[in-house]
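Asker: If you scroll down you'll find the structure; I have some questions about it.
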Amino acid sequence: MQRSPSSSPVRLLSVIAVVAVASALAGPAFAARAHATATIKVKVTAVEFKFTLSPATVKPGTVTFTVVNKGKLAHDFKIAGKKTPLIQPGKSATLTVTLKAGKYPYLCTVPGHAAAGMKGTFVVK
Ligand SMILES: [Cu+2]
């Protein structure tokens with residue numbers, strides 16, 4: 001008696017293996033896409049010499065800060081190791097960061113501005 005190399009039980013197992021691998025690859029991709037839809041928006045207003053953040057507290061996730069300079073000097077906004085370009089009066093810039101729960105100090109990096117009051121702590125919880 002001789003076995004055929006293409007006997008059906010072997011072929012069926014191969015199909016099951018391929019389907020299992022495909023499902024394993026697709027699963028996390030779908031989960032990541034669903035998670036990425038929830039971008040949190042925070043409006044940051046900069047004046048001499050303070051920032052106003054609205055809302056002041058957010059849940060963990062991807063946060064886009066829209067920084068509007070309503071002052072008379074150029075300012076920037078730095079948080080979680082990222083920084084906007086220098087924003088001229090009347091202009092705005094956005095900064096997107098992914099934040100876990102915690103406290104994140106923010107500041108304006110123009111010399112003297114943070115010391116004058118352009119700093120604070122953003123809370124993610
Ligand atoms: Cu400043």
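The values are calculated or read from the model by the stated rules, or taken from the named source; none is laboratory data. Because the structure is a prediction, the values reported are computed rather than measured. Virtual Cβ from ideal backbone geometry, glycine too; neighbours counted across all protein chains shown. Protein only, heavy atoms only, side chains kept; ligands, DNA and RNA dropped before computing areas. Shrake-Rupley method; radii C 1.70, N 1.55, O 1.52, S 1.80 Å.
Asker: Counting only residues that are among the small types (G, A, S) and within 11 Å of the chain's Cα centre (by Cα), which one in the stretch 61-106 is farthest from the ligand (Cβ to nearest atom)?
Answerer: Taking the stretch 61-106 as the starting set, the residues that turn out to be among the small types (G, A, S) are 61, 71, 74, 80-81, 90, 92-93, 101-102.
Then drop every residue that is not within 11 Å of the chain's Cα centre (by Cα), which leaves 61, 80.
Numbers: G61: 27, A80: 18 Å.
Only one residue tops the list, namely G61.
Asker: Can you name every residue in the stretch 97-125 that is surrounded by 13 or more Cβ atoms within 10 Å (Cβ to Cβ) and farther than 13 Å from F51 by Cα?
Answerer: Those that are surrounded by 13 or more Cβ atoms within 10 Å (Cβ to Cβ) and farther than 13 Å from F51 by Cα: V97, L99, Y104, V110, V123, V124.
Asker: If T84 passes every condition in (1) in contact with a strand residue (DSSP E or B) (Cβ under 9 Å, 6 or more places away or on another chain); (2) open to solvent by 20 Å² or more (accessible area, probe 1.4 Å) but one, which one does it miss?
Answerer: The single condition T84 does not satisfy is (2).
Asker: Which of the residues that make up the stretch 44-61 are among the hydroxyl-bearing types (S, T, Y) and surrounded by 15 or more Cβ atoms within 10 Å (Cβ to Cβ)?
Answerer: Of everything in the stretch 44-61, just one residue is among the hydroxyl-bearing types (S, T, Y) and surrounded by 15 or more Cβ atoms within 10 Å (Cβ to Cβ), namely T45.
Asker: Then there is this: Kindly list the number of the only condition in (1) surrounded by 12 or more Cβ atoms within 10 Å (Cβ to Cβ); (2) in a loop (DSSP other than H, G, I, E, B) that fails for T66.
Answerer: If we test T66 against (1) surrounded by 12 or more Cβ atoms within 10 Å (Cβ to Cβ); (2) in a loop (DSSP other than H, G, I, E, B), just (2) comes out false.
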